[in-house]
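Laboratory data are not the source of any read-out in this text; all were calculated from the coordinates shown. These figures come from a predicted structure and were not determined experimentally. Positions of Cβ are generated from backbone atoms using ideal geometry, with glycine treated the same way; all protein chains shown enter the neighbour counts.
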């Protein structure tokens with residue numbers, strides 16, 4: 001991509017000023033002030049390359065995929081399957097057959113619950129998750145438990161917001177049929193040392209699903225090196241479109257799973273007597289897919305790779321260090337989640353100022369953060385908090401934006417503290 | 001939209017020093033209010049004498065708007081009849097949600113300080129939670145959620 005030459009400096013680090021020009025929305029103001037977008041864990045912003053890829057597709061090549069012999073259908077199919085090939089390379093899956101397009105992480109996890117779990121789990125079987133999980137990695141398993149009589153087990157966390165490995169290992173048993181674990185916590189930013197957890201599960205032959213929604217945008221993910229069985233992530237948190245995501249699944253497991261939804265595109269032959277399903281990955285992609293979304297996701301992968309995942313991780317870690325230093329100077333600020341390894345997410349509270357008020361006051365300073373339970377109510381309950389404020393950074397954020405966050409927090413303390 | 005329209009001095013004062021912030025152990029009516037979006041949780045207690053609200057209080061946790069609104073509520077409905085409190089509820093509902101209705105803000109006394117909330121749609125539920133909770137208590141429902 002041509003952008004690569006201009007956004008990486010001669011010393012090999014990211015040129016943030018140049019990168020910011022790639023993101024049209026970052027030029028806008030909020031209430032007359034520059035937008036300071038620090039809600040990237042909820043959803044990141046889009047570079048022009050992603051927006052253009054989708055527009056270009058709609059303006060030039062749109063037709064349904066896998067159907068027509070006409071030119072547009074073939075072009076659309078090539079672009080759609082080209083995006084799948086990019087995803088495969090990006091996460092280092094063995095084959096594109098292991099890359100299933102879904103709506104997002106939530107749908108990916110529901111697919112595994114219903115297609116992998118439901119036909120074979122029963123009373124006495126256990127699914128093991130952690131206390132750190134996003135609701136999307138809790139509720140589908142609770143529903144599965146209600147349907148099958150299986151039991152949900154929860155590995156506890158520590159005061160620093162890390163999953164207690166020994167307690168996790170102690171909960172693994174011959175009854176454990178699946179481990180479902182966040183790779184990075186959305187509420188706290190904890191990076192879970194998943195290699196260790198996967199290795200412990202493998203000893204017992206237990207398959208592992210990773211919720212990678214918060215990991216894929218910020219670090220190099222290699223599903224073969226991880227040796228996980230399923231890996232779920234969303235496009236919109238990695239500079240891609242909303243409405244598209246990926247379920248990676250180990251081919252042998254996906255092959256053995258029945259289709260999840262029925263319809264067009266997932267069949268080879270249909271008669272009223274018998275229907276023959278397509279092979280992987282189409283068996284799990286009933287109906288017309290989000291073609292433009294997949295193409296946009298492919299463009300987002302191109303963009304991230306042009307920057308380099310290692311350089312992205314380094315830039316974000318530097319921002320995290322700076323943010324931690326600056327936020328620590330605010331009287332009454334308490335960090336929630338202090339794991340030794342974290343993504344660039346800072347969850348915090350401020351004495352006498354409710355997170356919801358912080359959100360409103362910061363918005364008036366042009367600073368967008370998330371406040372609330374972050375779809376991880378058990379985490380909030382563990383820390384005895386109704387809510388936290390969460391600033392989450394991307395590679396396009398700057399130290400000046402951290403300074404604006406800190407200044408706005410001082411304003412909030414003066415108003416309400 | 002100025003922040004000072006939302007966080008007026010009365011609101012800030014009632015948040016820092018909420019009035020009637022206590023349990024009434026022998027309450028005749030009580031209800032829990034919950035705003036799942038932001039985690040606000042309030043319990044409203046009512047002591048009745050006939051049809052009249054002899055005492056009213058609240059406890060729980062919430063943002064400045066929800067705490068100040070609840071504090072102002074307790075001050076304004078104490079001594080009123082159930083019917084009068086219901087009338088105030090509907091006036092407050094209009095004040096918080098309708099910009100096409102002229103409301104005599106002055107007649108609402110200190111409650112008029114909440115009129116700025118209307119300009120902050122994301123915060124309307126914070127201000128109305130205590131009123132829905134009081135309404136539930138008076139109608140003998142035990143729980144109310146603003147979602």
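Overview of results
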item	result
Histogram of C-alpha separations across chain A, 20 Å bin width, %	26, 55, 18, 0
Principal-axis tilt of helix B:82-97 within chain B, Cα atoms, nearest 10 degrees	20 degrees
Volume per residue of the C-alpha convex hull in segment A:1-119, rounded to whole Å³	188 Å³
Mean projected area in nm² (Cα convex hull; one quarter of hull surface) for segment A:280-331	6.6 nm²
Ranking of B:63, B:38 by count of other Cβ atoms within 10 Å, fewest first	B:38, B:63
Separation between Cα centres of segment A:341-416 and segment A:204-238, rounded to whole Å	27 Å
Inter-label distance, nm, simple model (7 Å from Cα along the C-beta direction), residue A:267/residue A:351	6.7 nm
Candidates B:51, B:15, B:35: whichever shows maximal mean-square fluctuation once chain B is modelled as a Gaussian network with Cα springs under 10 Å	B:51
Principal-axis tilt of helix B:124-138 within chain B, Cα atoms, nearest 10 degrees	20 degrees
Estimated distance in nm for a label pair at residue B:2 and residue B:51, the labels positioned 7 Å out from Cα along Cα-to-Cβ	4.3 nm
For the protein assembly as shown, calculated [θ]222 nm from helices alone, where every DSSP H run of n ≥ 4 adds -39500 (n - 2.57)	-11500 deg cm²/dmol
Binned Cα-Cα distances of segment A:181-332, short to long, each 5 Å bin given as a whole percent	2, 8, 13, 16, 17, 15, 12, 8, 4, 3, 2, 1, 0, 0, 0
Shielding of B:2-9 by partner chains, average beta-carbon count, 10 Å	3
Most mobile of B:127, B:86, B:137 in a GNM of chain B (Cα contacts under 10 Å)	B:86
Peptide-level mean, for A:43-52, of C-beta atoms on other protein chains within 10 Å	0
Rule-of-thumb Rg ratio for segment A:267-394 [Cα; 2.2 N^0.38 Å; N residues]	1.58
Fewest-first sequence of A:130, B:145, B:71, A:95 by Cβ atoms within 10 Å of each Cβ	A:95, B:145, B:71, A:130
Simple spin-label estimate for residue A:407 and residue B:106 in nanometres, 7 Å along Cα-Cβ	4.1 nm
Helix B:64-77 axis, angle to chain B major axis (alpha carbon atoms, nearest 10°)	50 degrees
Residues of segment A:174-192 with amide N under 13 Å of the 7 Å Cα→Cβ point at residue A:160	A:190-192
Likely footprinting exposure, B:131, A:260, fewest C-beta neighbours within 10 Å first	A:260, B:131
GNM result for chain B, Cα springs below 10 Å: residue of B:74, B:133, B:97 fluctuating most strongly	B:97
Inter-part distance where segment A:55-101 and segment B:34-85 are each reduced to a Cα centre, Å	58 Å
Reciprocal mean inverse distance between Cα atoms of segment B:21-118 - Kirkwood radius, Å	14.2 Å
Diffusion coefficient, µm² s⁻¹, Stokes-Einstein with Kirkwood Rh over alpha-carbon pairs of segment A:56-209 at 4 °C and 1.567 mPa s	73 µm²/s
DSSP beta bridge pairing in chain A, given as percent antiparallel to the nearest 5	60 percent
Rotationally averaged projected area of segment A:166-259 (alpha carbon convex hull; nm²)	7.1 nm²
